[in-house]
1. Would you call ALA81 at pLDDT 70 or above, out of contact with any His (no Cβ under 6 Å at 6 or more places or on another chain) and either loosely packed, with under 12 Cβ neighbours inside 10 Å or more than 21 Å from GLU112 (Cα to Cα) (or both)?
2. Would you call ASN100 surrounded by 14 or more Cβ atoms within 10 Å (Cβ to Cβ) and at pLDDT below 90?
3. Go through the range 114-133 and report how many residues are assigned to a loop (DSSP other than H, G, I, E, B) and hydrophobic (A, V, I, L, M, F, W, C).
4. Is at least one residue of the range 54-68 among the hydroxyl-bearing types (Ser, Thr, Tyr), surrounded by fewer than 20 Cβ atoms within 10 Å (Cβ to Cβ) and either within 24 Å of GLN110 (Cβ to Cβ) or touching a strand residue (DSSP E or B) at 6+ places or on another chain (Cβ under 9 Å) (or both)?
Amino acid sequence: MPSLIDDTLAANYRKMTPTQSVNTGEFYSNFGTRQLAWFKVELANIRNSNNYLEADSLFSAAVRGLQIATEVYFISQPTSAATDYFVVAVTADTTPDNSNDGGDTSSPTQAELIKRIVDRATEGNSTVTDYTF
């Protein structure tokens with residue numbers, strides 16, 4: 001068997017760009033899951049309007065809107081609290097660029113873009129914030 005520590009192997013591993021220097025930041029990896037952006041989406045009655053598991057529910061509309069516009073990795077079950085909410089994780093580099101939407105004077109944040117997606121899909125008025133564990 002030929003040696004695995006030769007010029008071919010050595011040349012290949014030296015070609016790899018450090019993961020923190022490409023795409024979406026220091027947590028980006030060319031070898032695994034892309035960086036995820038986590039958001040808490042608050043929307044009144046998202047759990048209680050109809051049954052949230054039904055195809056025509058408010059929650060279902062929000063999920064479909066997110067799936068059409070972003071690459072979704074995780075969506076939690078809606079939680080009934082003072083304000084109903086759910087948590088969503090999307091790949092950070094697939095949030096669409098809506099910078100001209102609504103006559104913005106500056107580029108909107110990812111949370112603002114997620115809000116627009118959910119509001120369009122549900123015809124509601126959501127509040128979207130970055131989610132931390």
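The values are calculated or read from the model by the stated rules, or taken from the named source; none is laboratory data. Everything quoted here is computed from the prediction, not taken from an experiment. Cβ coordinates were reconstructed from backbone atoms using ideal geometry, including for glycine residues, and neighbour counts include every protein chain displayed.
1. On the way: at pLDDT 70 or above: yes; out of contact with any His (no Cβ under 6 Å at 6 or more places or on another chain): yes; either loosely packed, with under 12 Cβ neighbours inside 10 Å or more than 21 Å from GLU112 (Cα to Cα) (or both): yes.
Yes; evaluated as a whole, the condition is true for this residue.
2. Numbers: surrounded by 14 or more Cβ atoms within 10 Å (Cβ to Cβ): no; at pLDDT below 90: yes.
Answer is no for this residue.
3. Within the range 114-133, the subset assigned to a loop (DSSP other than H, G, I, E, B) is 123-126, 131-133.
Then drop every residue that is not hydrophobic (A, V, I, L, M, F, W, C), which leaves 133.
Count: 1.
4. Let us first name the residues in the range 54-68 that are among the hydroxyl-bearing types (Ser, Thr, Tyr), namely 57, 60.
Right, trim to surrounded by fewer than 20 Cβ atoms within 10 Å (Cβ to Cβ) and you get 60.
Of the ones still in play, those that are also either within 24 Å of GLN110 (Cβ to Cβ) or touching a strand residue (DSSP E or B) at 6+ places or on another chain (Cβ under 9 Å) (or both) are 60.
There is at least one residue in the range 54-68 that is among the hydroxyl-bearing types (Ser, Thr, Tyr), surrounded by fewer than 20 Cβ atoms within 10 Å (Cβ to Cβ) and either within 24 Å of GLN110 (Cβ to Cβ) or touching a strand residue (DSSP E or B) at 6+ places or on another chain (Cβ under 9 Å) (or both).
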